[in-house]
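Scroll down for the structure; my scribbles are underneath it.
Please treat every number below as a calculation from the coordinates, not as lab data. Values in this document were obtained by computation on a predicted structure and should not be read as measured data. Cβ coordinates were reconstructed from backbone atoms using ideal geometry, including for glycine residues, and neighbour counts include every protein chain displayed.
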Amino acid sequence: MTPSTPESAGGRPAVPLARRLADALTVARAFLGLPLLLALGAGQAGLGWALLLLGGFSDWADGWLARRSGGGSVWGARLDPLTDKILISAPLLWLAREGTLPLWAVWLLLARELLISGWRAGQASGAPASAAGKAKTVLQFAALLLLLWPLTWPLANGLRSLGWWLFWPSLLLALSSGASYLRAGLSRPAEPDRS
């Protein structure tokens, strides 16, 4: 005897609440990039920092909720990395404009993100993130939180300096994991489009 699957009113299997919440958090995170950029541009460093922290927390929470519901949706698996790119790109561009990070390094990182996002979007399975890709994202969030630490807050100079030093390993991890994604993508046959 197999366990029955709860059904919605339309006769389709019901989507677990945790999975719906995970998808909602992913969508909400996509909309944090613009307010984050506007806050930084308006000199509201504390608000920008809080928005980035909120985005990082929502990234962790949507992953936890998706795992709790037995796995995320294919839609969420495709959208989650894209929302991470939006959230990380906004402060990176601002930091490059301010001269905190070199523009060439930011463009190199953003080019990697676009290339890998495009490749992952073309995979029928959604191409889950590798361990190196996940480590890169965590390191980037940590570096950005430290680089955006408001100057009026305690320990600002030391923490910002630490953020600058953490940025470089995150860039190396990004390039390394990007090369791994490309090698994996080139070594296997193209997946059929199931749409």
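Can you classify segment 17-186 as rounded, prolate or oblate using the Cα gyration tensor, where a ≥ b ≥ c are the square roots of its eigenvalues, rounded means a/c under 1.5, and otherwise it's prolate if a/b beats b/c and oblate if not? Judged from the Cα gyration tensor, segment 17-186 comes out oblate (a/c at least 1.5, b/c at or above a/b). The modelled label-to-label distance between S180 and L155, using points 7 Å beyond Cα along the C-beta direction, is 3.0 nm.
Relative to one another, the C-alpha centroids of segment 100-117 and segment 161-188 are positioned 11 Å apart. Peptides 150-161, 59-70, 76-87 ranked from most to least packed give 76-87, 59-70, 150-161, packing being the mean of other C-beta atoms within 10 angstrom over each peptide's residues.
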